[in-house]
1. Checking the conditions here, which among 227, 290 is farther than 18 Å from residue 7 by Cβ and touching a residue at least 12 places away in the same chain (Cβ under 8 Å)?
2. Search region 84-93 for residues being more than 8 Å from ligand 1 (Cβ to nearest atom) and surrounded by fewer than 22 Cβ atoms within 10 Å (Cβ to Cβ), and hand back the single one that is nearest to residue 122 (Cα to Cα).
3. Return the pair list, or none, for Cβ contacts closer than 8 Å from residues in region 66-85 that are within 12 Å of residue 38 (Cβ to Cβ) to residues that are within 16 Å of ligand 2 (Cβ to nearest atom) and assigned to a strand (DSSP E or B), at least 6 apart or on different chains.
4. Considering (1) in contact with a helix residue (DSSP H, G or I) (Cβ under 6 Å, 6 or more places away or on another chain); (2) within 15 Å of ligand 1 (Cβ to nearest atom), say which one residue 213 fails and leave the rest.
5. Which residue pairs have Cβ atoms closer than 7 Å, lie 6 or more positions apart in sequence or on different chains, and pair a first residue in region 127-151 that is touching a residue at least 60 places away in the same chain (Cβ under 8 Å) with a second residue that is in a loop (DSSP other than H, G, I, E, B) and more than 16 Å from ligand 2 (Cβ to nearest atom)?
6. Of the residues 3, 75, 48, which single one is farther than 18 Å from residue 283 by Cβ, modelled with pLDDT of 95 or more and more than 10 Å from ligand 1 (Cβ to nearest atom)?
7. Search region 155-175 for residues that are in contact (Cβ under 8 Å) with a residue 40 or more places away in the chain and pair each with any residue that is within 16 Å of ligand 1 (Cβ to nearest atom) and part of a loop (DSSP other than H, G, I, E, B) when their beta-carbon atoms are under 8 Å apart and the residues are at least 6 apart or on different chains.
8. Here are some residues: 205, 180, 176, 212. Which one is touching a strand residue (DSSP E or B) at 6+ places or on another chain (Cβ under 7 Å) and on the phi > 0 side of the Ramachandran plot?
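The values are calculated or read from the model by the stated rules, or taken from the named source; none is laboratory data. The model shown is predicted, which means the values in this text are computed figures rather than measured ones. Note: ideal-geometry Cβ built from the backbone for every residue, glycine included; neighbour counts use all protein chains shown.
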Ligand code: HMG
Ligand code: MG
């Protein structure tokens, strides 16, 4: 039988903050990451080593890594699209990184400025160097349930790419519904397909809540045995260029749902809510977590 423990990878400091247009100080980022660690979050994606021309908000990730309190038992990871990013991450003392590919050629060009196969060629030396140094590498695939450039995405495309990333040495591949269009129907069809070829513990779900389906999609994934999910405190995120786009599923909402299902994340919900509310106040933006809003109102 499947485990009652669920792994939450907190991506708010990366996927959330990368989309904020206003400047955020390194000190505020560090405060958020430290608050999350103290709330019991054990996997925190703390930054990206990507081109500052492409994603200005993640510039200074080296300073973030230099300033955080590294709590025992907590993994602080970073996105690295190529060797240049990997070397910068190593220099910053990062011990876990993530590579990111796309299920579609259109989004690969938009996000990485290269084809899918070129992106894999860039990841190959990174995965070898990481293996030699004992650095864990996670993989992401974007647009698994729909693409803003190429439209519908077949489960076959996603499973084949996930298998390649695992074969190259990623310990887990997180399947990302980048534009949040998936439903429990399409999510189940995707994971059912992937699970014919890949073990459940090699896969994670990464759901953006743009169309309001993220928790339902996680529930569908849980029923198929998936036990690793990405979420962002306070539902941070949203793209300034895509009207109505929102962030990842809110971590508070996910923890509340898991608690209600008797599943364990190890996260202290009130402390998580406080962490989310603090960053929202610093950013001057409304809290996107329904659970946080209900808690704070009550
Ligand atoms: P490029 O322009 O094709 O790269 O960008 P290049 O190799 O030709 O180099 C061009 C310039 O970029 C050079 O600088 C390099 O030094 C620099 P210049 O000589 O012009 O001054 N450069 C770098 N600088 C810092 N760090 C690096 C790096 N590499 C090159 N690692 C590149 C290719 C991949 C760099 C670029 O497209 C990029 O940075 N993309 C990142 C995009 C990104 O971060 N997207 C958001 C994260 S993914 C995501 O959010 C999805 C996810 O959440 C799942 C989901 O929801 O789908 C994970
Ligand atoms: Mg994302």
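1. Residue meeting the stated conditions: 290.
2. 87
3. Within 8 Å, the pairs are 68/46; 74/43; 74/44.
4. (1)
5. That search, which allows pairs on different chains as well, returns 136/171; 138/170; 138/171.
6. 75
7. Pairs that qualify, where the first residue is in contact (Cβ under 8 Å) with a residue 40 or more places away in the chain and the partner is within 16 Å of ligand 1 (Cβ to nearest atom) and part of a loop (DSSP other than H, G, I, E, B), are 157/103; 157/104; 158/103; 158/144; 161/103.
8. 180
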